[in-house]
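Structure first, then comments.
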Protein chains: 2
Amino acid sequence: MAAKRPRPHQDKEALKDHCARWTGARQEVFDVLVKTEQHLSAQDIHHQCQAANSDIGLTTIYRTLDLLDKAGLVRKVHSGDGRVRFEYRRSAHADHHHHLMCSGCGQILNYRDFEQEELELVRRTEDVLARKHGYLIRDHNIEFIGLCPECRPGGRRSVIAPEGPDAGTNT
Amino acid sequence: MAAKRPRPHQDKEALKDHCARWTGARQEVFDVLVKTEQHLSAQDIHHQCQAANSDIGLTTIYRTLDLLDKAGLVRKVHSGDGRVRFEYRRSAHADHHHHLMCSGCGQILNYRDFEQEELELVRRTEDVLARKHGYLIRDHNIEFIGLCPECRPGGRRSVIAPEGPDAGTNT
DNA sequence: CTGTGTGCAAAGCATTTGCACTATG
DNA sequence: CATAGTGCAAATGCTTTGCACACAG
């Protein structure tokens, strides 16, 4: 849990268009995401709120996440395991990263290499795709899928069934 | 439905390790995917089988898709709408493409531009990630998310709720 | 023949929705 | 105060499982 301050100013502004009241529940859900680099599911967040003595219903968490997503403060990530996860969108350049996911245990790693090359390619691709297909492009997603050291053949976890739920869910 | 011949030879070989018997049902599910460039959900395939007078249960389709996925003949795609879709993996270079998805209606487009640049970047990234994190990388996924001409602000479909189920599911 | 594959019905789960209640602005 | 936000419980919809039967090898 490396703490980082929430960024209420510009973030809350972005929210103004999407909700009328900024409540404690919303603040807490938001805080949980701001304070981590992990990719959390609604349930993960629910657990963390409970651990922090906040008694927020799962429903509210889903609704808040939807809100934050629409406001663009948060990004949905479809991990391979059926549930949707969310990560806080930090300021563009500082936080630009892509994902490396293990199809064995569901672990998600962020990596930040190749920013320069990627950004260039991404920018050019966006241009062409936007023009060619008439799309309004708002985001991109680059991920590599494979087996982590634990799950790869010869790894400690290989052949055997993957871990339990909350285990390899993160980063 | 632009027809392309199934590739029984190498494909069936890949299957030998993953199933004991090659049945009619499996062939049909496989055929449906081979014959299209679209990204189909289990239900989509179910419908197509019914349309083709095959009476294959949804359960079998799910099981077959899982089989084909494990055999590497098919690729899972997590479209934003909650259901998982599948596409046939054609031979590597001939078929290399990435996705452009509309977050409004769920449409998925394949595009094949920038192959050269992308492949280069991808290869280099795979190398580094594999070495740095000990992963065994097996696949990558590059997608751009935005709004299609219909769904973008000013488009015919904008503001209004997206289309019905089978509408924007494809390509 | 002998398991492997299949279908049906029921179970599982993440997510969504209806509705009465609470608290923000 | 009026309305947006919340929680609960029930509903939804995709996917998985248990079990008895059917068929490929």
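Of A:Asp66, A:Asp31, which residue is in a helix (DSSP H, G or I), near DNA strand C (Cβ under 9 Å from one of its atoms), among the charged types (D, E, K, R) and at pLDDT 90 or above? Outline the logic, then answer.
On the way: A:Asp31 fails: near DNA strand C (Cβ under 9 Å from one of its atoms).
Sole residue among the options that is in a helix (DSSP H, G or I), near DNA strand C (Cβ under 9 Å from one of its atoms), among the charged types (D, E, K, R) and at pLDDT 90 or above: A:Asp66.
Can you find, within segment A:14-24, the residue that is farthest from DNA strand D (Cβ to nearest atom) among those that are out of contact with any Lys or Arg (no Cβ under 9 Å at 6 or more places or on another chain) and hydrophobic (A, V, I, L, M, F, W, C)?
The extreme case among them is A:Ala14.
Among the candidates B:Leu58, B:Leu73, single out the residue that is out of contact with any Leu (no Cβ under 6 Å at 6 or more places or on another chain), modelled with pLDDT of 85 or more and within 14 Å of DNA strand C (Cβ to nearest atom).
Unique residue meeting the criteria: B:Leu58.
Being in contact (Cβ under 8 Å) with a residue 12 or more places away in the chain, more than 7 Å from chain A (Cβ to nearest Cβ) and of a type outside the set (Asp, Glu) is the filter here; which residues of segment B:108-126 pass it?
B:Ile108, B:Asn110, B:Arg112, B:Leu119, B:Val122
Any chance you could count how many residues in segment B:55-87 are more than 17 Å from A:Asp81 (Cα to Cα) and either crowded, with 16+ Cβ neighbours inside 10 Å or near DNA strand D (Cβ under 9 Å from one of its atoms) (or both)? Give the derivation first.
Initially, segment B:55-87 is screened for residues more than 17 Å from A:Asp81 (Cα to Cα), giving B:55-61, B:64, B:68, B:71-74, B:87.
Those still in the list that are either crowded, with 16+ Cβ neighbours inside 10 Å or near DNA strand D (Cβ under 9 Å from one of its atoms) (or both) too: B:56-61, B:64, B:68, B:71, B:73-74, B:87.
Result for segment B:55-87: 12.
Let's see how each residue does on (1) at pLDDT 75 or above; (2) among the charged types (D, E, K, R):
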{"site": "A:Cys102", "(1), (2)": "yes, no"}
{"site": "A:Asn110", "(1), (2)": "yes, no"}
{"site": "A:Phe114", "(1), (2)": "no, no"}
{"site": "A:Glu117", "(1), (2)": "yes, yes"}
{"site": "A:Arg124", "(1), (2)": "yes, yes"}
{"site": "A:Leu129", "(1), (2)": "yes, no"}
{"site": "A:Leu136", "(1), (2)": "yes, no"}
{"site": "A:Glu143", "(1), (2)": "yes, yes"}
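Any residue that is surrounded by fewer than 17 Cβ atoms within 10 Å (Cβ to Cβ), at negative phi and of a type in the set (Ser, Thr, Tyr) - is there at least one of those in segment B:32-46?
The answer is no; no qualifying residue exists.
What number of residues in segment B:76-100 are part of a helix (DSSP H, G or I) and within 10 Å of DNA strand C (Cβ to nearest atom)?
Residues meeting the conditions: 0.
The values are calculated or read from the model by the stated rules, or taken from the named source; none is laboratory data. Bear in mind the structure is a predicted one, so any value in this text is a computation, not a measurement. Glycine also receives a Cβ, built like all others from the backbone with ideal geometry; neighbour counts cover every protein chain displayed.
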